[in-house]
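Chemist: Pasting a structure below so you can have a look.
The values are calculated or read from the model by the stated rules, or taken from the named source; none is laboratory data. Since we're looking at a predicted model, the values are computed, not measured. Using ideal geometry, Cβ is built from the backbone for each residue, glycine included, and neighbour counts are taken over all protein chains shown. Ligands, DNA and RNA are excluded from the accessible area calculation, which covers all protein heavy atoms including side chains. Shrake-Rupley method; radii C 1.70, N 1.55, O 1.52, S 1.80 Å.
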Amino acid sequence: MRNRKSQSGFTLMELMITMVLIAIFAVIAVPSYRALTADNQITGALNDFANTLGAARAEAVARGQTVIVCPSSNALSATNPTCNSKSDGPQIWNTGWISFVDENDNGKFDSGTDKVLRVHGPIANGVTLISKLGGGTVSGYIGFNRMGFASPTFSNKTILVVQACANGTGHVHGGSVTLALAGTLKTNSGGCQ
């Protein structure tokens, strides 16, 4: 007589049901994960930018001099980083930015006289950080005077909005940093435009 041993394992039907359930959960989870990742990248970019602006304002008051924040494409790679801002229109901050003490109050970074305070490299791929105004223009930088007020770098408006959005993800959430002429900062969440 043969001794029959019981066999253990999964049937083909059980494996197929398990695979279908895993696929369904993946279809549900992946878009949520992308949205979460995009939200975190947006929040990180906005927080870094707001921290730079807050530190620039505090430094302007402490030193009694003008401090400027401007877009820079070589903030991390160059010994003397440069501003690469446009003279008017929306400013793109994706490539990074620098803040510096404007020793001679000319609104430009001069490597011989101005002191770099902070540098920030490029933000996460897929996130756009742009400063814009409705109907006004934005100078090539954001400045704070010795009293902590935002220098008149944005014309005909009392606030400047720097908005962050995720690109190419189908994600419509975004956020912004609002800077008032009084130098106050406010971060907001909301959609992209």
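Chemist: Exactly one of (1) at positive phi; (2) open to solvent by 30 Å² or more (accessible area, probe 1.4 Å) is unmet by Q7. Its number?
Modeler: With respect to (1) at positive phi; (2) open to solvent by 30 Å² or more (accessible area, probe 1.4 Å), Q7 is out only on (1).
Chemist: What number of residues within segment 141-185 satisfy the criterion of being surrounded by fewer than 19 Cβ atoms within 10 Å (Cβ to Cβ), within 20 Å of T37 (Cα to Cα) and at pLDDT 80 or above?
Modeler: The total comes to 0.
Chemist: Something else about it: Checking the structure you have, find out if any residue of segment 51-67 is among the small types (G, A, S), assigned to a loop (DSSP other than H, G, I, E, B), over 15 Å from N145 (Cα atoms) and touching a residue at least 60 places away in the same chain (Cβ under 8 Å).
Modeler: Scanning segment 51-67, I find no residue that is among the small types (G, A, S), assigned to a loop (DSSP other than H, G, I, E, B), over 15 Å from N145 (Cα atoms) and touching a residue at least 60 places away in the same chain (Cβ under 8 Å), so the answer is no.
Chemist: Just give me the residues in segment 23-37 being under 30 Å from V119 (Cα atoms) and either modelled with pLDDT of 85 or more or surrounded by 14 or more Cβ atoms within 10 Å (Cβ to Cβ) (or both), in sequence order.
Modeler: R34, A35, T37
Residue-wise test of (1) surrounded by fewer than 17 Cβ atoms within 10 Å (Cβ to Cβ); (2) of a type in the set (S, T, N, Q); (3) touching a Lys or Arg at 6+ places or on another chain (Cβ under 8 Å).
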{"residue": "L21", "(1), (2), (3)": "yes, no, no"}
{"residue": "D39", "(1), (2), (3)": "yes, no, no"}
{"residue": "T52", "(1), (2), (3)": "no, yes, yes"}
{"residue": "A56", "(1), (2), (3)": "no, no, yes"}
{"residue": "T66", "(1), (2), (3)": "no, yes, yes"}
{"residue": "P71", "(1), (2), (3)": "no, no, no"}
{"residue": "N94", "(1), (2), (3)": "no, yes, no"}
{"residue": "V101", "(1), (2), (3)": "no, no, yes"}
